[in-house]
Each structure stands twice: as structure tokens, then as C-alpha cells.
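Before any comments, here is the structure.
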Amino acid sequence: MRKQWVFDPHSGGSKVSPSRKIQVEQRIRKFADQNFKGRGDKIEVRFRGALCYVALYIEYKDEPDREDFRFPLCRLRHFDIDRWSISLFLWSNEKYEPTMFPSGEWFGTIEECLEFAGSFLDETEF
């Protein structure tokens, strides 16, 4: 059997440059400020190669015995500034699972990724 190349939107990608990291983080924080108010206290953005990890923190300031909670939202894979694939964090296996957007597309903008990942916050109890 002959091997055939198949495009996989959840592998490869291009490394996020330092200047692009700043731009991406600003867009993520702006979106979170506008859309995640009341759902979390702060957003964490980390980069590793072509990947961008986004997590939401819930701080329990009124409950000193309760530890702050880190809620991983998604892992984005960079192909271009407005072309990202998304993997959602699943608590059932504690891994990021490649996901297609509800539109049936494999790629979206940063804001589309966050909107999709954030749609699951409404169904989550902290």
C-alpha cells in the first residue's frame, strides 16, 4: 500500500514569533474582557512553538479555604494571524482534543476560537 499525504489541521503550523505573540495576546485579552466578564477573574495565555494555550482563572477571594481554579479553555494552532485550528480541553481525559468549528470549518480567527471555547463556560459550574 502506498502512503499518501493528507492535510491535518491539528499538526504542523508555524511558530508564533515574539511580535505576533504580543498581538495575539492583546486580541485574546480584549476578547476576554468583553465576553468573559463574570465567568472568570483572569485569563492566562501561554505559547509553545505553533501553539497558544488559553486558560481562565476563577479566584475564590471570599473563601480562603478554597484554592483558585484554573480552567483550561483551548489550545490554538497557528497557521496565520487569522487562521487557527482549535483543540478543546476535555476533563474526561484531561487532554486537548482536536475539534471542528460548528460551521464545519477547521480554521477560524482568534475571536472565533475563543467564542467557541467560551460557549462551554455557560454549561460549567465552578
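The values are calculated or read from the model by the stated rules, or taken from the named source; none is laboratory data. What you are looking at is a predicted structure, and each value in this text was computed from that prediction instead of being measured. Here the Cβ is made from the backbone with ideal geometry for all residues, glycine too, and neighbour counts use every protein chain on show.
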Hits in the stretch 1-33 (condition: within 13 Å of Arg77 (Cα to Cα), surrounded by 13 or more Cβ atoms within 10 Å (Cβ to Cβ) and free of Cβ contacts under 8 Å to residues at least 60 places away in the same chain): Lys21
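Considering only the stretch 74-95, state which residues are closer than 14 Å to Cys113 by Cα and among the hydroxyl-bearing types (Ser, Thr, Tyr).
Keep residues of the stretch 74-95 that are closer than 14 Å to Cys113 by Cα, which gives 74-89.
Ser85, Ser87, listed by residue number.
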Going through the stretch 56-68 in order, the residues found to be closer than 23 Å to Arg27 by Cα and out of contact with any Phe, Trp or Tyr (no Cβ under 6 Å at 6 or more places or on another chain) are Tyr57, Glu59
Could you tell me whether Phe36 is more than 23 Å from Phe7 (Cβ to Cβ), of a type outside the set (Val, Ile, Thr), at pLDDT 95 or above and surrounded by 17 or more Cβ atoms within 10 Å (Cβ to Cβ)? no
Only unsatisfied item for Lys61, checking (1) surrounded by 12 or more Cβ atoms within 10 Å (Cβ to Cβ); (2) of a type outside the set (Ser, Thr, Tyr); (3) farther than 27 Å from Gln23 by Cα, is (1)
Taking the stretch 1-53 as the search range and keeping residues that are under 14 Å from the mean Cα position of the chain (by Cα) and part of a loop (DSSP other than H, G, I, E, B), which one is nearest to Glu115 (Cα to Cα)? Phe36
